[in-house]
Amino acid sequence: MATTTLEPPAGAPAYQRFWVLDWLTTVDHKKIGILYIVNSFLFFFAAGILALVVRSELAVPGLQIVDQDTFNQAFTMHGTIMLFLFIIPALSGFANYIVPLQLGAPDMAFPRINALSFWLLPLGGGLIFSGYLFGGAAAEGWTGYAPLTQQGGVGTDLWIIGLLLVGTASILGAVNFITTVFKMRAPGMTLFRMPIFVWTVLVTAVLILLATPVLAAGLIALFIDRNYGGSFFDPSVGGNPILWQHIFWFFGHPEVYIVILPAMGVVSEVLPVFSRKPLFGYKAFVFATIAIGFLSWTVWAHHMFTTGAVFLPFFSFMTALIAIPTGIKMFNWLATLWRGKLMLTTAMLFALGFISMFLIGGISGVMLASPPIDFHVQDTYFVVAHLHYVFFGGSVFGVFAATYYWFPKMTGKKLNEPLGKVHFWIHFIGFNLAFFPMHQLGLSGMPRRVSDYSPDAGWTILNMVSTVGAFMIAVSILPFLVNVVATFINGEPAGDDPWEGNTLEWATTSPPPPYNFDRLPPIHSERPLFFLTHGHGHAAERPADLEEDEAEDVEHRKGLV
Amino acid sequence: MTARTMQAHPAGEEAAEAAIAHGASGMPTALVGMLLFIASEVMFFGGLFATYFSARAGVPAGAWHPPEPGHLDLPLAAVLTAVLVASSFTMQFGVWAIRRGDPGKLRLWTAITLGLGILFLAGQLYDYSQLGFSIADSSFGTVFYTLTGFHGAHVFGGVVGLTIVLARTTRGQFTARNHVAVEAVSMYWHFVDVVWIFVFSTIYLLR
Amino acid sequence: MRSTLRVGLPLVLAGLFAAGCMLPPVPKTEAGQDVFNLYLLVLGLAAIVFIGVEGFILYAVFRYRRKPGDDVLPEQLHGNNTVELIWTAIPTVIVFILFVFSMITLGVVEARDEQQEATTIEVDAFTWQWTFRYENGASQTGSPTNTPVLAVPVGEPVRLILNSLDVNHAFYVPEFLLKRDVVDFGDARGPNELAFTVTEEGTYAGQCAEFCGLAHADMIFEVQAMPRGEFDAYLEALASGEPPPTGDEDCETTIELAAVESIQFDADTIQAPAGQDFCIEFTNNDIVPHDVGIVETDFDGDDVAPGESITYLIPAMDAGEYQFICTLHPQAMVGVLTVGE
């Protein structure tokens, strides 16, 4: 259903820059989105290799492959790169590409700042990695606890500066997304007619806007302690090491919701389309997302239960509370599947995988919310299991779901489905092999961030299984890469709307023209394209939608600002 | 942005064009951006204030002062506060002027604001040179220089913005209907002033 | 029905299998038993949720799969207030149950038995070893070849005072189901304490559980719980067995060596004469304990606390090049001892 016809018809434009220069200087949100995604995957592979180093070393007791310092650098860089240079930018990249399209807008509110936000990422990531060239990368864990970080070499300073740049990129991006949502929605799209993905990006952007600066303050204070004789965190000169933990986690906890919410948004786009039903409980889902946004500020000290320096009941209670809006979302997804007509495309498989894996991560999270249980498993592999189930089983599965879902829109070609399913199944099995045993490793007492363990501890078999799983995950990337390359070269053309989607990005060509839309369909609900495809007369639609006044379209456009 | 994004309904077309040209109804888009940016800066200073209060809490009452022979210069700081507060007023006069369509007055008030801002920075630097303690001298020194130093850096950012506004208004680029940059810079300048009031009150008055 | 069974049965089995695999060690402290019971409750609730949700997903995938060629849209359900209210209430109830039982258990874990006097032991954690200091003045510092032992009386309250000499550490004994961070809070507050009562005699492995740098993985210790009589004897033996620091004025040659900040010697090479006894006057200017050892002769001097010094008497050695180390930090503190004519 083409609502965009290119006029004048696309031919060679009168003026065309050399393609490298074009991509280097672009301010088009679609190209920037692709830059984000490609850059993120490169960092994903780098951090993945670091994970394989860690898992190879831990497969059996004894230090066989790397020395302790190299190991410590490996897990530090793995965590830092995965969180700051892969997951968040990848989801940002999809948001960059898709949000203006879903809003019916021609671009983001601030296109040049959009470009700046991107280019700060390879710069910041490069700085962080450059530690390897200067005597060793940062090796204090991605959480960089003081006063341990006092002792790090140049690598730690580069880590600090690199993160400051990456954080700046995030903050600028957040300003852009929030402004775009409030100022650039197409007429007729009230806030409660926005796609769920846009809602999750909006709440995420607010979290980024307000949390990342706190990390920046902490990083700067750390830099001053390390280089200018400051006494923020070093107890030997009057500082307080717990202050670092408070500052870091005040950012760090909203950070994990920043990581998961857009992925939840992706899942909430994919599930309805491939169930051929609307998302069940759209409004409740929006409010649950906002509630999670609010609650995420009140739980940070649950990372510090074992310090003996926090008020346990409050933080335990608030942490447990977050399970409620999360549970609501889970049920909304399940109800969307209920009596649907499920199409098990690869995107759908990853979305279903997300729900299954995130459930496990959520369950272990609720266990960690209980201080007595936390006293036993904090800083053990139980936490490593939990965080990988939510970050990997959650967010990364969401990234892959987004990739398979929106690849046709971005390139005009559909990824090969059988190959996609091979990717999914090897990935899914490998993932569970790698991380499920870590629950038991942690419960039986294996601490995290250890380069080695005793052969008498009884941890060897589970570690070996976990390593096999890790390599399986690595192997699963091969069909994915083959798929992407082969599809670029010779893929099946997708057309405007290969999935019978609901939202506006499917109302234009694949890929869209630079200005996105020639013409927009009328917007009366959160599924404008569904209406266009299936007509106003569909019996199951709420009558209220059919009574919208055309004049109201412009009235509602005013929004909040 | 182009006017090629159109509603299929004719009634919406003009509204859509107007919306795109003027950033819809309500606050201009650039100001929304500035407001959000300021929100992030509030959180940044919040983090710095947290370090201040944490350091303060670790020291018994009466012992919270610069390390000997350092001292705080309250009179100078009070003068600097007056300078900055005055500069907020002059900035606002400039904004009102251009809203009335008077670029000449805008130029005058911007120049005065810029001068006051530079005076504040010079005064801050002079203060630093006289204090007798450094960032490495006790936790007081660390949080004092960090908090006032980053505030000063933000004042500098504002000074850069004011310079650009002054240059642009000298070239006659602002009118009553089109002066978003002036509004944005003034919003930022007021923010910087408010932060200083908090910094001054916390360090010099609250102690 | 068949699809339900096909899906349900393996899922229930998988759930039970997974749950059966996911247990902490059998607890050896009183509080640990309560933690274990709380965990069982939480695990039970988790298993129900897990089986329910994953079961539904599998069921939905089989039951609601679109038949090829079926283009009729399913019923477009947008929501249902009643159902949504119910499934908001259920997690709320579960959450409250978990929270209340957590707090009850926390109260037990944190309780100190005020009636009985607790045996107090000072625990010093430093990169990357432990020192245990007992009430009678006896102490033991571990080394890479000699895992430090924390002796405790079984069945009686024990109170540990956790001191960090440098970065953050954590005292963790998995079989106690307990850990506590070891942090130098500076002047802000006193050190963390950990109280427990061991229920069974035995030896329990312990380890640092807060990443503390290079050799974090090596920072292990053991807890030995023994009857009171044995415990008292153990402490006495430890106290008297500590050799006095060697100070010997019969040295013709004295080499000066110091340990300095950040786990280093102040010299990479030292020289000594061959064929005669010589002394090393060793001063510890670092913030953690060090000592001096000679690799090839197995000489292992006594540990020296920060700020202290000692004079080691080294028996005569043949000419040649040897390695001297700090036996507590053998990778970081290494040097060359040249013994010549």
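The values are calculated or read from the model by the stated rules, or taken from the named source; none is laboratory data. What you see is a predicted model; the values in this text were computed from it and never measured. Cβ coordinates were reconstructed from backbone atoms using ideal geometry, including for glycine residues, and neighbour counts include every protein chain displayed. Side chains included, ligands, DNA and RNA excluded: accessible areas come from the protein's heavy atoms. Shrake-Rupley method; radii C 1.70, N 1.55, O 1.52, S 1.80 Å.
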**Request:** Just the number, please: percent antiparallel of the DSSP beta bridges in the protein assembly as shown, rounded to the nearest 5.
**Result:** 65
**Item:** For region C:183-229: accessible area per residue (Å², 1.4 Å)
**Value:** 36
**Message:** Amide H of A:LEU520 versus every other amide H placed in the peptide plane: which residues, excluding those fewer than 5 positions away on the same chain, fall under 5 Å?
**Reply:** B:MET6, B:ALA8
**Request:** Compute the acute angle (0 to 90°) between the alpha-carbon long axis of helix B:138-170 and the principal axis of greatest extent of the alpha-carbon atoms of chain B; round to the nearest 10°.
**Result:** 30
**Message:** Normalised radius of gyration for region A:24-520, please: alpha carbon Rg relative to 2.2 N^0.38 Å, two decimal places.
**Reply:** 0.94
**Complete:** Summing -39500 (n - 2.57) over every DSSP H run of at least 4 residues in chain C and dividing by its residue count gives a helix-only mean residue ellipticity at 222 nm, to the nearest 500 deg cm²/dmol, of -10000 deg cm²/dmol
**Message:** Which residue, A:VAL273, C:PRO227, A:GLY469, has the largest displacement toward the positive end of the dipole of the protein assembly as shown when charges sit on each Cβ (Lys, Arg +1; Asp, Glu -1)?
**Reply:** A:VAL273
**Item:** Exposed trypsin sites (Lys or Arg not before Pro) absent - longest run of chain C, DSSP non-H/G/I/E/B, at most 13 other C-beta within 10 Å
**Value:** C:190-341
**Fill in**
dims of region A:268-324, Cα set, principal axes, largest to smallest, nearest Å -> 51, 17, 13
**Message:** Taking every alpha carbon pair in region C:115-240, what does the distance histogram look like in 10 angstrom bins from 0, in percent?
**Reply:** 13, 48, 33, 6, 0
**Request:** Could you tell me what percent of the accessible area of region A:219-296 is made up of carbon and sulfur, with a 1.4 Å probe and every protein chain present?
**Result:** 69
**Message:** Taking 22 Å as R0, compute the FRET efficiency from the Cβ-Cβ separation of B:THR170 and A:ARG112 and round it to 0.05.
**Reply:** 0.35
**Prompt:** If you wrap the protein assembly as shown's Cα atoms in a convex hull and average its projection over all directions, what's the area in nm²?
**Reply:** 49.9
**Mean Cα-pair separation over length for chain A, i.e. relative contact order, pairs under 8 Å, 6 or more apart, %** = 18
**Message:** With +1 on the Cβ of every Lys and Arg and -1 on the Cβ of every Asp and Glu, and nothing else charged, how large is the dipole of region A:24-520 about its Cα centre, in debye rounded to the nearest 20?
**Reply:** 1440
**Request:** Note down the net charge around A:THR307, summing +1 for each Lys or Arg and -1 for each Asp or Glu among other residues with Cβ under 10 Å from its Cβ.
**Result:** -1
**Request:** Could you run the Karplus curve 6.51 cos²θ - 1.76 cosθ + 1.60 with θ = phi - 60° over region B:101-118 and give me ³J(HN,Hα) per residue in whole Hz, x for Gly and Pro?
**Result:** x, 10, x, x, 5, 4, 4, 4, 5, 5, 4, 5, 4, 4, x, 5, x, 5
**Fill in**
Rounded to the nearest 10 Å², the 1.4 Å probe accessible area of B:ILE98 is 0
**Asked** Any idea how far apart C:LEU41 and A:ASP67 come out in nm if each label point goes 7 Å out from Cα toward Cβ?
**Response** 5.1
**Asked** Can you work out D for chain C in µm² s⁻¹ from Stokes-Einstein, where Rh is the Kirkwood radius over C-alpha pairs, the temperature is 25 °C and the viscosity is 0.890 mPa s?
**Response** 98
**Request:** Mark the label point 7 Å from the Cα of C:ALA233 along Cα→Cβ and return the residues of region C:124-167 whose backbone N is within less than 17 Å of it.
**Result:** C:151-154
**Folded to 0 to 90 degrees: helix B:74-99 orientation relative to chain B principal axis, Cα** = 0
**Asked** Over chain C, what is the percentage of antiparallel beta bridges among all DSSP beta bridges, to the nearest 5?
**Response** 70
**Message:** I'd like the accessible area for C:CYS21, computed on protein heavy atoms only with a 1.4 Å probe and all protein chains in place. Round to 10 Å², please.
**Reply:** 60
**Asked** If the viscosity is 0.692 mPa s and the temperature 37 °C, what Stokes-Einstein diffusion coefficient in µm²/s follows for chain B when Rh is the Kirkwood radius over Cα pairs?
**Response** 171
**Fill in**
With R₀ set to 51 angstrom, the calculated FRET efficiency between the beta-carbons of B:ASP102 and B:ALA61, to the nearest 0.05, is 0.45
**Item:** Label-point separation, B:PHE53 to C:VAL260 (7 Å along Cα→Cβ), nm
**Value:** 4.2
**Request:** Sum -39500 (n - 2.57) across every DSSP H segment of at least 4 residues in chain A, then divide by the residue count to get the 222 nm mean residue ellipticity, nearest 500.
**Result:** -21500 deg cm²/dmol
**Complete:** With all protein chains in place and a 1.4 Å probe, B:VAL182 shows an accessible area in Å² (nearest 10) of 0
**Fill in**
The long-range amide H neighbours of C:PHE299, using H built 1.01 Å from N in the peptide plane and a cut-off of under 5 Å, are C:ILE294
**Fill in**
Applying the span-like rule to chain A (DSSP H, Cα extent along axis at least 24 Å, Kyte-Doolittle mean at least 0.0) gives A:29-58, A:111-130, A:154-183, A:196-227, A:241-275, A:312-337, A:346-368, A:417-443, A:460-490
**Sequence of C:GLU84, C:GLU30 when ordered by accessible area, the most exposed leading, probe 1.4 angstrom** = C:GLU30, C:GLU84
**Request:** Please turn the phi angles of region C:166-172 into ³J(HN,Hα) values with the Karplus equation 6.51 cos²θ - 1.76 cosθ + 1.60 (θ = phi - 60°), one per residue in order, whole Hz, x for glycine and proline.
**Result:** 8, 7, 6, 10, 8, 9, 9
**Request:** Sum up the charges of everything whose Cβ sits under 14 Å from the Cβ of A:ILE171, counting Lys and Arg as +1 and Asp and Glu as -1, but leave A:ILE171 out.
**Result:** -2
**Fill in**
A:GLN16 and B:PHE93 label points (each 7 Å along its Cα→Cβ direction) are spaced in nm at 5.8
**Request:** Could you order C:TRP87, A:TRP119 by accessible surface area, starting with the largest, using a probe radius of 1.4 Å?
**Result:** A:TRP119, C:TRP87
**Request:** Would you kindly state how much longer the chain becomes between C:THR297 and C:ILE97 on full extension, computed as 0.36 nm times their sequence separation minus their alpha carbon distance, in nm to one decimal?
**Result:** 65.7 nm
**Request:** Out of all DSSP beta bridges with both ends in region C:115-240, state the antiparallel percent to the nearest 5.
**Result:** 70
**Prompt:** For chain B, with the dipole built from +1 on Lys and Arg beta-carbon atoms and -1 on Asp and Glu ones, taken about the Cα centre, which of B:GLY149, B:ALA50, B:THR81 lies farthest toward the positive end?
**Reply:** B:THR81
**Asked** Which ³J(HN,Hα) values in Hz, rounded to whole numbers, follow from the phi angles of region B:198-207 under the Karplus curve 6.51 cos²θ - 1.76 cosθ + 1.60, where θ = phi - 60° and Gly and Pro get x?
**Response** 5, 4, 4, 4, 5, 7, 9, 9, 6, 6
**Item:** List B:ASP193, C:ASP300, ordered by accessible area with a 1.4 Å probe, largest first
**Value:** C:ASP300, B:ASP193
**Request:** Work through the residues other than A:ILE489 whose Cβ is under 15 Å from its Cβ and net out their charges, Lys, Arg +1 and Asp, Glu -1.
**Result:** +1
